[in-house]
Structure formats: structure tokens, C-alpha cells
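Take this structure first; my questions come after.
The values are calculated or read from the model by the stated rules, or taken from the named source; none is laboratory data. What you see is a predicted model; the values in this text were computed from it and never measured. Glycine also receives a Cβ, built like all others from the backbone with ideal geometry; neighbour counts cover every protein chain displayed.
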Amino acid sequence: MCKPKVIVLCGPTASGKTSLSIELAKRINGEIISCDSMQIYKDMDIGTAKPTEQEKQGIKHYLLDFLSPEVRYSVADYKKDAEKAIEEILKKRKVPIIVGGTGLYINSLIYNIEYKDSKIDIDYRNKLEKMVVEKGLENLYEMAQKIDPEAMKNISHNDKKRIMRVLEIYNETGKTKTELEMESRKNEPKYNYIVFALDMDRDKLYERINKRVDIMLKNGLIHEVEKLINTYKIMPTAMQGLGYKEVVKYLKGNCTEEEMVEKIKMETRRYAKRQLTWFRKNKETIWLNGLEEADKNINTILEVYSGRTS
């Protein structure tokens with residue numbers, strides 16, 4: 001029995017995933033499931049480059065703009081919700097298209113990784129938070145590096161959320177995040193995932209990133225962050241997002257506007273580099289040139305999609 005086919009379109013930030021996926025969905029009678037850990041949040045539109053209603057061109061999107069920034073959302077939550085959306089799209093006899101750049105979310109689907117969504121050990125988390133204040137985040141990074149060097153290859157030195165998660169998993173289970181993922185990959189995925197990724201000349205990509213940041217600021221990123229701070233009491237995950245934490249630092253008077261802009265651009269370029277490294281680990285990924293005409297890339301996708309039988 002053939003598994004239902006699901007298209008995955010991933011790639012680094014600013015590589016053109018959104019526009020290509022919408023054109024593809026129009027051509028193939030598809031619907032899009034967002035795979036972005038920040039675009040899930042309401043009221044975070046500018047800094048996440050969330051597609052507008054006009055940009056969507058009538059294509060239905062799932063897992064976009066549905067969660068309060070105050071709510072924690074795990075990879076296990078995403079996997080469950082994404083598979084539910086896939087089933088809904090398949091029942092309509094349409095093609096599910098997973099689109100985004102969050103590697104953990106993508107891997108949870110294509111490798112069928114079962115992340116156990118256990119309760120948070122508040123005492124241990126508070127202990128880690130205290131260590132950050134007293135000794136700095138780098139100290140936690142080094143702790144996590146000793147416990148799970150493989151997982152830490154894909155985690156930056158200032159990604160507090162993911163550094164803490166590596167430590168929390170080990171504290172809670174006695175096993176590393178890498179060990180648990182290896183164990184969970186024993187079961188085959190439910191669907192026939194066909195994975196495509198966009199890439200382009202690094203200088204061109206960085207140029208696009210810098211331009212995108214300028215546009216975000218012109219469109220009111222600082223005001224968006226101010227509004228979030230005034231609207232929500234606590235944003236445990238949301239404010240760790242690229243662009244948001246840098247603006248918060250600026251609003252607190254801890255850096256100049258120029259320093260804030262350069263920091264956002266630099267961290268976004270670094271993030272794009274880590275995304276590319278992550279996606280290249282999957283040897284079955286079919287790479288597309290983000291600078292090509294959309295029609296050429298769509299034709300490549302359709303050729304592979306129509307030829308894939310298992």
C-alpha cells in the first residue's frame with residue numbers, strides 16, 4: 001500500500017519559500033502547513049515575516065497565527081497538529097505542502113520522531129535560570145556541550161531556550177536528546193515525505209536577509225514589540241525570537257538603534273547558515289536554486305512528485 005505523498009519545502013530564512021510554496025499550491029491543488037516556530041504566534045507578524053492575506057492569494061494555511069505568545073508550544077505539539085492538518089488536507093483530495101525553516105519541526109515529521117511531551121520540572125528550570133543570571137548563558141552552553149555534543153552542533157551559544165531543553169531532557173530522563181531521537185526513529189513515518197530545499201549564492205542570501213531586516217524596521221517592528229510588551233504579561237518563548245530580543249534590548253536602553261539593526265542582521269545571517277547545515281544532513285533532500293524562476297523550480301518539484309511511488 002502506497003503512503004500518501006506530502007511535499008516539504010524548507011530552506012533558510014529569506015530564501016523565497018513563501019512565494020514559491022503559494023505558486024506551487026495554486027498549480028498542484030495544494031494547501032500549506034506552516035513549519036515555523038515563531039509564525040505560530042498571534043500579533044507577531046512583522047518580525048516573523050508572516051505572509052499576509054494578500055500574499056496567501058486565497059491558499060489555505062495551517063498552523064499560522066493561532067497561538068498566544070504567552071503559551072509554550074513544543075515539538076510534540078507541532079507534530080500532532082501538523083499530522084492532523086495533513087489528514088484534513090488529504091481528506092479534501094488536496095496535496096499537503098509543509099513549508100518553513102524550523103528544522104526540529106521538519107525532522108519530527110520526516111523521521112517520525114516521537115518527542116515525549118513531559119511535564120516541566122519547574123525547580124530545575126528555576127535553577128538553570130539562576131545559573132544564567134549568576135554565571136552567564138555560556139556556562140549552560142558548556143554544560144549542555146559536555147552532555148550532548150551532537151545536539152549542540154545545531155544550537156547557537158545564545159539560544160537559551162534550546163540550550164535549557166537539552167539539559168532538561170537529560171535531567172528528566174537520564175538520556176540525551178540525541179539518544180532519545182535515535183530510539184524514536186525506529187518507526188517509519190506515516191507519509192511519503194518528498195523534501196525540497198531552497199539555496200542560493202551565500203552573498204545573495206545575506207543581501208536578501210539585510211534587506212528584509214530593513215523592511216521589517218520600516219514596517220514597524222519596534223512598534224510591534226512595544227505593543228507585545230504592553231499586551232502580554234509573559235512571553236517565555238516568543239521574545240526569544242530573532243529580531244524580538246534585540247529590539248527589547250534596544251527598548252531597555254542597552255544598545256543604540258544602529259547596534260540593534262546590525263545585531264539583528266548578523267544573528268539572522270548566522271541563523272540562515274545553521275539552517276543550511278541542518279537541512280544538508282538529510283541526504284534525500286532535493287536542492288533547488290532560490291534565484292531560479294519559480295516555474296522552473298515548480299516543474300522540478302512536480303516531476304519528482306509525479307514520479308515518486310513509495
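In region 245-279, what residues are within 22 Å of C10 (Cα to Cα) and acidic (D, E)?
E267
OK, next. Looking only at region 262-294, count every residue that is free of Cβ contacts under 8 Å to residues at least 24 places away in the same chain and either touching a helix residue (DSSP H, G or I) at 6+ places or on another chain (Cβ under 8 Å) or assigned by TED's automatic domain parsing to the domain that holds I155 (or both) and tell me the total.
1
So, one more: Are any residues in region 255-310 more than 22 Å from the chain's Cα centre (by Cα), part of a loop (DSSP other than H, G, I, E, B) and not basic (K, R), and if so, which ones?
Of everything in region 255-310, those that are more than 22 Å from the chain's Cα centre (by Cα), part of a loop (DSSP other than H, G, I, E, B) and not basic (K, R) turn out to be C255, T256, E292, E293, T309, S310.
A further question follows. Do we have T256 as of a type in the set (V, I, T) and surrounded by 13 or more Cβ atoms within 10 Å (Cβ to Cβ) here?
No; evaluated as a whole, the condition is false for this residue.
Suppose the filter is closer than 18 Å to K50 by Cα, over 14 Å from the mean Cα position of the chain (by Cα) and not β-branched (V, I, T); does Y105 pass it?
No: the conditions fail for Y105.
Here's something else I'd like to know. One residue is enough: does region 223-244 have a residue meeting the conditions assigned by TED's automatic domain parsing to the domain that holds I46, buried (at least 17 other Cβ atoms within 10 Å of the Cβ), of a type in the set (A, V, I, L, M, F, W, C) and over 24 Å from P12 (Cα atoms)?
yes
Table: residues versus (1) closer than 27 Å to V71 by Cβ; (2) not aliphatic (A, V, I, L, M).
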position	(1), (2)
F196	no, yes
D203	no, yes
R212	yes, yes
I215	no, no
N219	yes, yes
I222	yes, no
I229	yes, no
K233	yes, yes
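Right, next: Working only within region 149-159, note down all residues that are small (G, A, S) and assigned to a loop (DSSP other than H, G, I, E, B).
S156
The rows are residues; the columns are (1) among the acidic types (D, E); (2) buried (at least 21 other Cβ atoms within 10 Å of the Cβ).
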| position | (1), (2) |
| --- | --- |
| K26 | no, no |
| I40 | no, yes |
| E53 | yes, no |
| S68 | no, no |
| V75 | no, no |
| V95 | no, no |
| V99 | no, yes |
| D123 | yes, no |
| N126 | no, no |
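Of the conditions (1) surrounded by fewer than 19 Cβ atoms within 10 Å (Cβ to Cβ); (2) within 19 Å of S37 (Cα to Cα); (3) polar (S, T, N, Q); (4) out of contact with any Asp or Glu (no Cβ under 9 Å at 6 or more places or on another chain), N282 clears all except one; give me its number.
Result: N282 passes all but (2).
Which one is farthest from Y111 (Cα to Cα) among residues in region 167-184 that are outside any helix (DSSP H, G or I) and out of contact with any helix residue (DSSP H, G or I) (no Cβ under 7 Å at 6 or more places or on another chain)?
G174
Separate question: Of the conditions (1) of a type outside the set (G, A, S); (2) closer than 22 Å to A272 by Cβ; (3) without any contact (Cβ under 8 Å) to a residue 60 or more places away in the chain; (4) not in a helix (DSSP H, G or I), R162 fails just one. Which one is it?
Answer for R162: the failing condition is (4).
Turning to a different aspect of this structure: Of the residues in region 233-254, how many are part of a helix (DSSP H, G or I) and either in contact with a Pro (Cβ under 8 Å, 6 or more places away or on another chain) or not basic (K, R) (or both)?
Number satisfying all stated conditions: 9.
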